[in-house]
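The values are calculated or read from the model by the stated rules, or taken from the named source; none is laboratory data. Quick caveat, the model's predicted, so the values are computed rather than measured. Note that each Cβ is placed from the backbone with ideal geometry, even for glycine, and that neighbours are counted across all protein chains shown.
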Amino acid sequence: MGKVVSMQIQALAEQVQRNCHISDARHGSDYGLCTYLMKMREYYRWERGLAFTDVLDKDQVGNWLTEREQLWHSLDEAEFSDLQIGETAYDPFAVEEINQALNPWGYVYSGGLGSSGRPHFFLAELHEESLRNEGVLVAGRELARDLASPPAMNQGKLIFVRKESLRRMLWEKLESWRWSRADNALGRAFACYDFEHNLERALDQITMDELSLVLLHERGEKQVGELFGDAWNEMVLDLVFTPAELIVRAIRDHLADCLVTLPALHEMGRDSSVHFYIGNLTGMRKSIYPEMLDHYERWRERGDFSVFTQAAEVGRGRWQTLAEQVLALHKQQGSGAAQAIKALFDATEPAADPVCQRNG
């Protein structure tokens, strides 16, 4: 890569990082104190280029934390800036156009809205060229990122998967699990790898294994997006910061998994991925689909991966029907649909699951 391109990438990384700081200034306080401090500690580790095995100096981290919060305070009223690439200025959310300019240089960029309408930005090296024609951009080493750094996102026609962010997320989950070493799904996933004797190698292995699982979910998300179009995103934006937002996101996630992820779990036949999938179900996803934990326990008892294909076959109709119902409520009531959607959820008792009946 030429010197001119390197200089442009360095300048672009600084522009993207500033937008990341603005997003963090607006949303850094969204976390509870313990989660916030853990994420900030790992943000410091990433920014300083430190290994997971490096011991962090508490005073240095504390000073950095104070400086970072002061920076965020100075950006409270700032607006996101356009990104200058060569002679062209791009809106930071013009993802397809920016990637058309960057991908030939071996870089990938993303700018979009995540949970609760939080903006996320990153700039990274393009890791997996072979998937580009499928609309999948796999990011490697990251040059700019925000505090949250979700490991995958759907944006328009593109799917972004962030290898480095997934690896860091797995490290954070491992660190949290080690506090109690609970006998749970996440702990069983970690037990499939030799974290006690070779941390870096184990992280590499689980990252590569679960990268495929993350991509499968995003492919399912993309199919759901094709089913419901812009109406779904408009509904989610109207429901931000309400319990209904968590409900509709969980419905969409379950439908996506029934379309793609669960059948793939059967095909892969990999124990660690089943444990990882169950261990990462959010509270709301478990709340509206408790039967999934029953399927998991049945699989643990019998080792029969076909239970996940059966669950997917039953679940597709269930979750699509619920998705259509919440969309209809939003179409009728707009932003006022939050209460009606929550009431629908509260009134909906899980139906008797044919998979449970069949295998009971």
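Within the set of pairs 6 or more residues apart or between chains, which connect a residue that is touching a residue at least 24 places away in the same chain (Cβ under 8 Å) inside segment 265-285 to a residue that is assigned to a loop (DSSP other than H, G, I, E, B) with Cβ atoms less than 6 Å apart?
His266/Phe305; Gly269/Phe305; Ser272/Cys192
Inspect all residues belonging to segment 87-94 and state whether any of them is part of a helix (DSSP H, G or I) and either within 30 Å of Trp179 (Cβ to Cβ) or not acidic (Asp, Glu) (or both).
The answer is no; no qualifying residue exists.
Could you check, for segment 237-245, whether at least one of its residues is in the same structural domain as His330 (by TED's automatic domain parsing), free of Cβ contacts under 8 Å to residues at least 60 places away in the same chain and either assigned to a helix (DSSP H, G or I) or among the hydrophobic types (A, V, I, L, M, F, W, C) (or both)?
Within segment 237-245, none of the residues are in the same structural domain as His330 (by TED's automatic domain parsing), free of Cβ contacts under 8 Å to residues at least 60 places away in the same chain and either assigned to a helix (DSSP H, G or I) or among the hydrophobic types (A, V, I, L, M, F, W, C) (or both).
Select from segment 279-292 the residues that are farther than 22 Å from Val214 by Cβ and either touching a strand residue (DSSP E or B) at 6+ places or on another chain (Cβ under 8 Å) or part of a helix (DSSP H, G or I) (or both) and list them in ascending order.
Ser287, Glu291
Any idea which of (1) among the charged types (D, E, K, R); (2) within 18 Å of Thr282 (Cα to Cα); (3) not assigned by TED's automatic domain parsing to the domain that holds Lys222 is the one Glu134 doesn't satisfy?
Here Glu134 meets the rest and fails (2).
Within segment 138-150, is even one residue small (Gly, Ala, Ser) and over 26 Å from Leu50 (Cα atoms)?
no
Among the residues of segment 45-58, count how many are closer than 14 Å to Ser165 by Cα, free of Cβ contacts under 8 Å to residues at least 40 places away in the same chain and either in a helix (DSSP H, G or I) or of a type in the set (Phe, Trp, Tyr) (or both).
2
Within segment 157-216, track down each residue that is in a helix (DSSP H, G or I) and basic (Lys, Arg).
Scanning segment 157-216 gives Lys163, Arg167, Arg168, Lys173, Arg178, Arg188, Arg201.
Of all helices (runs of 4 or more DSSP H) completely enclosed by segment 293-360, which ones contain at least 2 residues that are in the same structural domain as Glu267 (by TED's automatic domain parsing), modelled with pLDDT of 95 or more and not hydroxyl-bearing (Ser, Thr, Tyr)?
306-333
Results for (1) surrounded by 19 or more Cβ atoms within 10 Å (Cβ to Cβ); (2) not assigned by TED's automatic domain parsing to the domain that holds Arg41, shown as yes or no for each residue.
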site: His120; (1), (2): yes, no
site: Ala124; (1), (2): yes, no
site: Arg141; (1), (2): no, no
site: Asp146; (1), (2): yes, no
site: Glu172; (1), (2): no, yes
site: Ala191; (1), (2): no, yes
